[in-house]
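Colleague: Before we start, here is the structure in question, set down as structure tokens.
The values are calculated or read from the model by the stated rules, or taken from the named source; none is laboratory data. Remember, predicted model here, so these are calculated numbers, not experimental data. Reconstructed Cβ throughout: ideal geometry from the backbone, glycine too, with neighbour counts over all protein chains shown. Accessible surface is based on the protein model in full, side chains and every heavy atom, while ligands, DNA and RNA are left aside. Shrake-Rupley method; radii C 1.70, N 1.55, O 1.52, S 1.80 Å.
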Amino acid sequence: MNKRKADQYNDPNHNYLKYWDGRDYENAAEEIAIGRLLKGKHYKRAVDVGGGYGRLCIFLENFADYVTLAEPSQQQLDIAKEFLKDHPEIDRKLLQAGDLKFKDSSIELLTMIRVMHHLPDPMPEFGEIHRVLSNDGVFILELANNAHGRNRVKYALKGKSIPSEPVDIRSPENQREEEIPFVNHNPKTVIEQLQKAGFKVEKVLSVSNLRSTTIKKFVPHSVMLSVEKLLQPSLARTYFGPSVFFLIRKK
Ligand SMILES: C[S@@+](CC[C@H](N)C(=O)[O-])C[C@H]1O[C@@H](n2cnc3c(N)ncnc32)[C@H](O)[C@@H]1O
């Protein structure tokens, strides 16, 4: 394993499963986005890269015969063993995005959700994903979006434009070499990086558009999801949401 190993996710004090408590809206918003991007499609082999404890793997079974959870943290894989106990058909592998070990062009559906946060320079990972993805395969990428609506107002009030490079969002005390990187990306830069790696972005969705503790407190879950469904495509062009999903293919 190289230095990209996700040590934070091996820390017994960091329980990523608990992180999802109170985030049903975000979880459902992501499933809506993936479902929309994959509507009507079914593949032989799917791999969820950096899939954590397998949060999305069961959902991915709707779109593929075989699903593999590829994850570099042993602790996440251990949690996955319990989380996926009723789904023994889902394979769990200790793997990093930059070294996926699969054969060339062998994977038809590859997802990488909430991992870009930890990849300030994703080019080596994009190169590896390009290698393993089949020629007619699809790659669904989620990125933590620095150009989201609220940030755009913040930058504008300071008379600044959204930076093209990734922005470190760690607290000052965590901005140290030994800590896992935590960045937000500019979607336009990521599109250019994907192009350089031999990909083209076919579809874009703006996701978790209503992420706000206040809205969650007062608006019923079902209403939030109905609105979210409408907003995902309509706000995509402006990258409004804190999370952006791309449907990507090889050029
Ligand atoms: C925020 S969690 C997201 C987990 C899962 N994709 C989800 O959405 O529930 C980030 C995950 O990325 C993994 N990760 C960090 N660096 C990675 C890398 N270089 N390659 C693959 N996965 C990585 C971590 O181990 C962790 O499980």
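Colleague: Residue by residue through the range 203-225, note down the ones that are within 15 Å of E142 (Cβ to Cβ) and open to solvent by 30 Å² or more (accessible area, probe 1.4 Å). Steps first, please.
Modeller: So the first thing to find is which residues in the range 203-225 are within 15 Å of E142 (Cβ to Cβ), and the list is 203-209, 211.
Passing the criteria: K203, V204, R211.
Colleague: Return the only residue of K93, K101, K81 being within 15 Å of the ligand (Cβ to nearest atom), of a type in the set (D, E, K, R), part of a strand (DSSP E or B) and farther than 20 Å from I34 by Cα.
Modeller: K93
Colleague: Going by the structure shown, is L143 at pLDDT 95 or above and either open to solvent by less than 10 Å² (accessible area, probe 1.4 Å) or within 23 Å of F199 (Cβ to Cβ) (or both)?
Modeller: Against the criterion (at pLDDT 95 or above and either open to solvent by less than 10 Å² (accessible area, probe 1.4 Å) or within 23 Å of F199 (Cβ to Cβ) (or both)), L143 qualifies.
Colleague: From the residues in the range 178-202 that are part of a loop (DSSP other than H, G, I, E, B) and touching a helix residue (DSSP H, G or I) at 6+ places or on another chain (Cβ under 9 Å), which one is most open to solvent (accessible area, probe 1.4 Å)?
Modeller: E178
Colleague: Can you go through R131, R152 and tell me which one is without any contact (Cβ under 8 Å) to a residue 12 or more places away in the chain, of a type in the set (D, E, K, R) and not in a loop (DSSP other than H, G, I, E, B)?
Modeller: None of the others qualify; the one that does is R152.
Colleague: Could you say which residue among G127, G159, G149, G137 is surrounded by fewer than 14 Cβ atoms within 10 Å (Cβ to Cβ), under 20 Å from the mean Cα position of the chain (by Cα) and small (G, A, S)?
Modeller: G127
Colleague: Based on what the data block shows, is E89 within 15 Å of the chain's Cα centre (by Cα), over 15 Å from I129 (Cβ atoms) and among the charged types (D, E, K, R)?
Modeller: When the stated conditions are applied, E89 does not pass them.
Colleague: If you don't mind, another one. Where in the range 9-74 are the helices (runs of 4 or more DSSP H), entirely inside, with at least 2 residues that are within 13 Å of the ligand (Cβ to nearest atom), out of contact with any Pro (no Cβ under 6 Å at 6 or more places or on another chain) and open to solvent by less than 30 Å² (accessible area, probe 1.4 Å)?
Modeller: Working: elements: 16-19, 24-37, 57-60.
Per the criteria, 24-37, 57-60.
Colleague: Okay, moving on. Being within 19 Å of A46 (Cβ to Cβ) and touching a Leu at 6+ places or on another chain (Cβ under 6 Å): is that true of L109 here?
Modeller: no
Colleague: List the residue pairs whose Cβ atoms are under 9 Å apart, where the first residue sits in the range 21-44 and is farther than 16 Å from E228 by Cβ, the second is in a loop (DSSP other than H, G, I, E, B) and open to solvent by 80 Å² or more (accessible area, probe 1.4 Å), and the two are 6 or more positions apart or on different chains.
Modeller: Hits for this filter: L38/N62; H42/N62.
Colleague: State all residues of the range 104-119 that are surrounded by 14 or more Cβ atoms within 10 Å (Cβ to Cβ), away from the ligand (no atom under 11 Å from the Cβ) and either part of a loop (DSSP other than H, G, I, E, B) or on the phi > 0 side of the Ramachandran plot (or both); if no residue qualifies, say none.
Modeller: Residues of the range 104-119 that are surrounded by 14 or more Cβ atoms within 10 Å (Cβ to Cβ), as a first pass: 105-119.
Now drop any that are not away from the ligand (no atom under 11 Å from the Cβ), which leaves 105-110.
Across the range 104-119, the qualifying residues are S105, S106.
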